[in-house]
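The structure appears below as structure tokens.
Every read-out reported here was derived from the displayed coordinates using simple, explicitly stated rules and does not represent laboratory data. None of these values were measured; they are calculated from a predicted model. Don't worry about glycine lacking a Cβ; one is built from the backbone with ideal geometry, like all the others, and counts go over all protein chains shown.
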Amino acid sequence: MRPSFLRACFAALVGLTLVSCEGETGPAGPPGDDGNANVRTVQFTVASAAWKNTSSASVAYYTYVSPLITSSVIQGGTVLLYYQFSSNVWTPLPDDFVTQNGTPYSLKYVHGLNGGVGAVEVYLISTSAVRFDAIFKAVIVDGRLEMSKRDGRNR
């Protein structure tokens with residue numbers, strides 16, 4: 001009984017795949033709403049000499065100011081940060097890694113407004129005072145809700 005059930009299921013499956021729907025093509029639908037272009041990316045390079053030391057020798061920072069970081073980004077959006085050095089791979093922050101010579105590093109970041117000016121601060125934390133060049137990519141997502149042209153409601 002089991003083989004005949006499997007054969008029946010197989011025959012039904014083959015039959016359904018061989019049957020195609022034919023008919024007239026319907027009318028084109030109305031044009032859709034424009035997309036929401038609320039995601040921006042920027043890249044910036046931090047040279048080894050550009051890192052600023054804090055009161056702790058193990059912590060350095062770099063501030064990247066961007067007009068794309070607005071109050072709507074802070075209130076309802078986000079900033080994601082990635083870094084790249086010595087390869088074409090983008091690594092998301094925060095990240096902890098150990099160099100080939102065994103030195104541990106951590107990369108952390110914060111973003112916000114300071115006196116109405118948007119910025120990302122990247123923190124380099126290590127037991128070493130050695131700083132390095134790095135390329136960063138900020139993905140900035142604006143938090144504004146776009147109004148639908150069709151019905152006037154928030155999406």
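Points to keep in mind about this one:
- Scanning segment 59-85 for residues that are in contact with a strand residue (DSSP E or B) (Cβ under 6 Å, 6 or more places away or on another chain) and either farther than 20 Å from Gly112 by Cβ or among the small types (Gly, Ala, Ser) (or both) gives Ala60, Ser66, Gly77, Gln84, Phe85.
- Hits in segment 115-127 (condition: surrounded by 14 or more Cβ atoms within 10 Å (Cβ to Cβ) and within 17 Å of Val59 (Cβ to Cβ)): Val120, Glu121, Val122, Tyr123, Leu124, Ile125, Ser126
- Selected residue (only one of Gly77, Gly112, Gly102 is surrounded by 13 or more Cβ atoms within 10 Å (Cβ to Cβ) and either acidic (Asp, Glu) or over 16 Å from the mean Cα position of the chain (by Cα) (or both)): Gly112
- Members of segment 129-140 that are touching a helix residue (DSSP H, G or I) at 6+ places or on another chain (Cβ under 9 Å) and either assigned to a loop (DSSP other than H, G, I, E, B) or surrounded by fewer than 15 Cβ atoms within 10 Å (Cβ to Cβ) (or both): Val130, Arg131, Phe132, Asp133
- Residue satisfying all of: in segment 31-58; in a loop (DSSP other than H, G, I, E, B) and in contact with a Lys or Arg (Cβ under 6 Å, 6 or more places away or on another chain); farthest from Val122 (Cα to Cα) among these: Asp33
- Subset of segment 34-84 [touching an Asp or Glu at 6+ places or on another chain (Cβ under 6 Å) and closer than 18 Å to Ala138 by Cα]: Asn38, Ala47, Tyr61, Thr63, Ser72, Val73, Gly77
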